[in-house]
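Data first, discussion second: the structure below is written as structure tokens.
What follows draws every value from the coordinates through simple rules; no lab data is involved. Keep in mind that this is a model prediction, so the values were computed, not measured. Ideal geometry is used to build each Cβ from the backbone, glycine not excepted, and the neighbour counts take in all protein chains shown.
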Amino acid sequence: MKKYALVLILVLVIGFTAGCLGGGSDTTTSSPTVSSSSATTTPTTTSQSPTTATSQSPTETPKEVTTDELFQWVSAVNQYTYVGNATISMVVAIKQENVSQRDNVTLNIIERGYIDFESWSASINTTTISVPDGASTNTSRIVVNNVTYILTPVGWVKSDDQATAEFVWKYNIVSLAREYLKRTPDERENSERLVLRYHLRDYEVRPLAIMYFATTPDTEISVKDSLLELYFENGRLVGGRISFSVSAKTSIDDPTIGKMTITQDGSWSEAILITSTNEKKNVEAPST
């Protein structure tokens, strides 16, 4: 199966790059207002505004944090770093010429990123690993003033398509929290941390599936069972999870890997851990 794991990883990278360069995404979002100030070269830390807890007697029940208070905190996040760990578990069928292969495939996608809402800049590094084969590939994205740079096998490629950058601004955990905290959660769980759950409509998560699974503009994709979880500790967003089931079918005609038809049926689940907030970093455009 190692050969097919390598092929699938290559296909996902080709599809992800095509999506980032505007070839596989139909996302429509509003353009953010771009700050004219550039990021400073020396990292600095700005003050945060967490909800202040009032003193209570031992017999008092702690006040439940409201979604309005949580929204105020996430709205005060100007920059943050995170680690994302996504798992794709799928039954993959690959047909190439007279050869057919069908097998279970698991991919682990580790993403480390920095998002800056003040300067509208971002730096994201992604490693995709086949389990248990260990075959892997790395990709990088840099966004500066709504211009996206994608690291491909032939070097950095520049994309001025605003939809590419807007995908980053919309589908990150802080932006998702800002959007869905305006709604009443479908479930609220209070334990060691507060968990808010939202059952998403299929069309809300479909652009995410398209970005990662659409290798050609005519790839057929459907999603279901979409769920967003937001995790809070002491009134602060510390991470979350987004998951959905996906089916995809695409035909490839590429000089590198030849002609093939790939169908994928399975699930996507990504856990995100916020590692720092409001720590300014410098992001510069690479030489292209």
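The simple Förster model, with R0 at 51 Å and r as the Cβ-Cβ distance, assigns Val131 and Ala76 a FRET efficiency of 0.85. Between the beta carbons of Val83 and Ser191, assuming R0 = 35 Å, the FRET efficiency works out to 0.95 to the nearest 0.05. Given R0 = 30 Å, the distance between the Cβ atoms of Arg201 and Asp265 translates into a calculated FRET efficiency of 0.90.
Taking a point 7 Å from the Cα of Asn108 along the Cα-to-Cβ direction, the residues of segment 254-288 with backbone N closer than 19 Å to it are 267-274. Placing unit charges on the Cβ atoms only, positive for Lys and Arg and negative for Asp and Glu, gives segment 77-276 a dipole magnitude near 240 debye about its Cα centre. Sparse packing (at most 11 other Cβ atoms within 10 Å of the Cβ) combined with a DSSP loop state is found for the following GluC sites (Glu not before Pro) in segment 73-164: Glu97. Pairs from the list Lys170/Lys281; Lys95/Lys170; Lys170/Lys280; Lys170/Lys224 with a Cα-Cα gap above 24 Å: Lys95/Lys170. Reducing segment 155-189 and segment 85-125 to their Cα centroids gives an inter-centroid distance of 17 Å.
Applying a DSSP loop filter and a limit of 14 other Cβ atoms within 10 Å to the trypsin sites (Lys or Arg not before Pro) in segment 93-172 leaves nothing. Contact order, relative form, for segment 77-276: 22 percent (alpha carbon pairs under 8 Å, 6 or more residues apart, mean separation divided by residue count). For Thr275 and Thr66, the difference between the fully extended length at 0.36 nm per residue and the C-alpha to C-alpha distance is 72.9 nm.
Here's the picture: charge each Lys and Arg Cβ at +1 and each Asp and Glu Cβ at -1 in segment 75-172, and of Ser159, Ile129, Asn78 the one pushed furthest to the positive end of that dipole is Ile129. In a fully extended conformation the segment linking Ser251 and Glu220 would gain 10.2 nm over its present Cα-Cα distance, using 0.36 nm per residue.
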